[in-house]
Amino acid sequence: MREVKGLKWSILILVILLLPALIWAKAARDEGPSSPPAAAGERMVYVNTTVEVTTNYGSFTIMLYDQGAPITTDNFKMLVKRGFYIGTKFHRVIDDFVIQGGDPNSKDNNPYNDGWGGSEETIPLEINESLTHVDGAVGMARSQDPDSASSQFYICDGPQHQLDGSYAVFGVVIEGMDTVRRIASAETYGMRRPLLKDHPVDDIVILSMEMVEGHLAPSPHRG
């Protein structure tokens, strides 16, 4: 009898000792795997925000210059998160120059008001001399007022360095330039409708925008 009692006490003590480990294991399982700690000598680098844009003409991916143009990228990311651009159209396309979109007016069936709309807020012109109009550069459209940009943006079809210093560049297409060039070469009304000279005949619609926020990640090279 005394041996049975002793065995019970031994089991109880063992359970008490193991309980914290069991609780920790459950918590770790519920939380999922954690990121492995950086190895000795490993350097962390910043990975810029990317936005995958899907249109009825195909898809392309924009990398944003989070650190080089923080005001402009924050404005663009806020609009993407709101779903602001879904259903808008590229209302201005010029082959070997730019494609332009982001106007909420383009959601209706009146092409004559395209290019005149925007979001509720405007942002100041943010020029970074190191961010230039290379092939695939993404910039903010604006009126004659330098601080009038809101939601409309353009993508360069070929280098357009004559625009440097006048318009804010805040990203670049890193994948899918074939789609950008397909949009740029779409048929426009031309002189058949002078007021819609650069407006595509067929609708070019933004169907979705999927964003991956900027984040820190281990460098692929040892620091």
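In the stretch 190-203, the residue that is surrounded by the fewest Cβ atoms within 10 Å (Cβ to Cβ) out of those that are of a type in the set (D, E, K, R) and touching a residue at least 40 places away in the same chain (Cβ under 8 Å) is 203. All of (1) over 21 Å from residue 105 (Cβ atoms); (2) in the same structural domain as residue 111 (by TED's automatic domain parsing); (3) without any contact (Cβ under 8 Å) to a residue 24 or more places away in the chain hold for residue 220 with one exception: (2). Just to be sure, is residue 166 closer than 20 Å to residue 198 by Cα and either of a type in the set (Ser, Thr, Tyr) or surrounded by fewer than 19 Cβ atoms within 10 Å (Cβ to Cβ) (or both)? Spelling it out, it is not the case that residue 166 is closer than 20 Å to residue 198 by Cα and either of a type in the set (Ser, Thr, Tyr) or surrounded by fewer than 19 Cβ atoms within 10 Å (Cβ to Cβ) (or both). Figure legend. Inter-residue proximity from the stretch 69-84: first residues modelled with pLDDT of 95 or more, second residues polar (S, T, N, Q), beta-carbon distance below 7 Å, spacing 6+ or different chains. Indicated pairs: 69/128; 73/49; 77/49; 79/119; 79/151; 84/119; 84/151.
Restricting attention to the stretch 154-190, the residues that are under 21 Å from residue 64 (Cβ atoms), of a type in the set (Phe, Trp, Tyr) and out of contact with any Phe, Trp or Tyr (no Cβ under 9 Å at 6 or more places or on another chain) total 0.
One line per residue, one yes/no per condition, for (1) among the aliphatic types (A, V, I, L, M); (2) closer than 16 Å to residue 89 by Cα:
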{"site": "110", "(1), (2)": "no, yes"}
{"site": "155", "(1), (2)": "yes, yes"}
{"site": "173", "(1), (2)": "yes, no"}
{"site": "176", "(1), (2)": "no, no"}
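When the stretch 78-105 is limited to residues that are touching a helix residue (DSSP H, G or I) at 6+ places or on another chain (Cβ under 6 Å) and of a type outside the set (D, E, K, R), the one that is surrounded by the fewest Cβ atoms within 10 Å (Cβ to Cβ) turns out to be 87. Taken over the stretch 132-158, the criterion of being surrounded by fewer than 21 Cβ atoms within 10 Å (Cβ to Cβ) and under 10 Å from residue 168 (Cβ atoms) is satisfied by 142, 146.
Would you call residue 187 surrounded by fewer than 17 Cβ atoms within 10 Å (Cβ to Cβ), more than 23 Å from the chain's Cα centre (by Cα) and either over 30 Å from residue 42 (Cα atoms) or assigned by TED's automatic domain parsing to the domain that holds residue 57 (or both)? Yes, satisfied.
The values are calculated or read from the model by the stated rules, or taken from the named source; none is laboratory data. Quick caveat, the model's predicted, so the values are computed rather than measured. All Cβ positions, even for glycine, are placed from backbone atoms using ideal geometry, and neighbour counts span all protein chains on display.
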